[in-house]
Amino acid sequence: MDKGARYAHVSVGSFDRFEGKQFVKEATGATSCEISFGTLASGAAVPFFHSHKANEENYIILSGAGRFQVDGDVFDIAEGSVVRVSTACDRNIKCTSAEPMTYICIQAKEGSLGDYTMTDAEIHERESLL
């Protein structure tokens, strides 16, 4: 949609009508993490278990409800749930609600977060063009 030397602006569209899985790294040119948006229909699960060698994943449930499995542990998830999964363990997700489950998954190198939020920020005074 918009792209500058220091930013990229893309859209996956309305979450109300979003279906499937969309990875945004290629669209944005991200170099620090992978972000994906996914939906699962009622009763559907990701068709495979997977693990990562170097990257942890953070799943943010935007709508719907379901079950999440990490190795042998299974627990309920619902809108507002946030699940962090470490490296070297199997994970999967299933929608159990009548409506589809929509989620964001953020993948980044485990242990790589140094400074963050205000310890990494610099506050600047400038004219707002908003």
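Every read-out reported here was derived from the displayed coordinates using simple, explicitly stated rules and does not represent laboratory data. All values derive from a computational prediction rather than experimental measurement. Every residue, glycine among them, receives a Cβ derived from its backbone with ideal geometry; neighbour counts consider all protein chains shown.
Points to keep in mind about this one:
- The chain: projected area of the alpha-carbon convex hull, averaged over directions, in nm²: 10.1
- Scanning the chain for trypsin sites (Lys or Arg not before Pro) that sit in a DSSP loop and have at most 15 other Cβ atoms within 10 Å, the longest stretch containing none of them is 54-125.
- The share of alpha-carbon pairs in the range 74-130 lying farther apart than 18 Å comes to 60%.
- This ranking places 104, 93, 123 by how few other beta-carbon atoms lie within 10 Å of each, fewest first, which gives 123, 104, 93.
- Along the chain, counting only GluC sites (Glu not before Pro) with a DSSP assignment other than H, G, I, E or B and at most 15 other Cβ atoms inside a 10 Å radius, the longest segment between sites is 20-78.
- Shown for the chain: lysine pairs separated by 8 or more places, or found on different chains, whose C-alpha atoms are under 22 Å apart, numbering 7.
- Residue-count net charge about residue 71 - beta-carbon cut-off 13 Å; Lys, Arg +1, Asp, Glu -1: -1
- Taking each DSSP H run with n ≥ 4 as -39500 (n - 2.57) and averaging over every residue of the chain yields -500 deg cm²/dmol at 222 nm.
- Under the combined filter of DSSP loop state and at most 14 neighbouring Cβ atoms within 10 Å, the range 24-112 retains these chymotrypsin sites (Phe, Trp or Tyr not before Pro): 48, 49.
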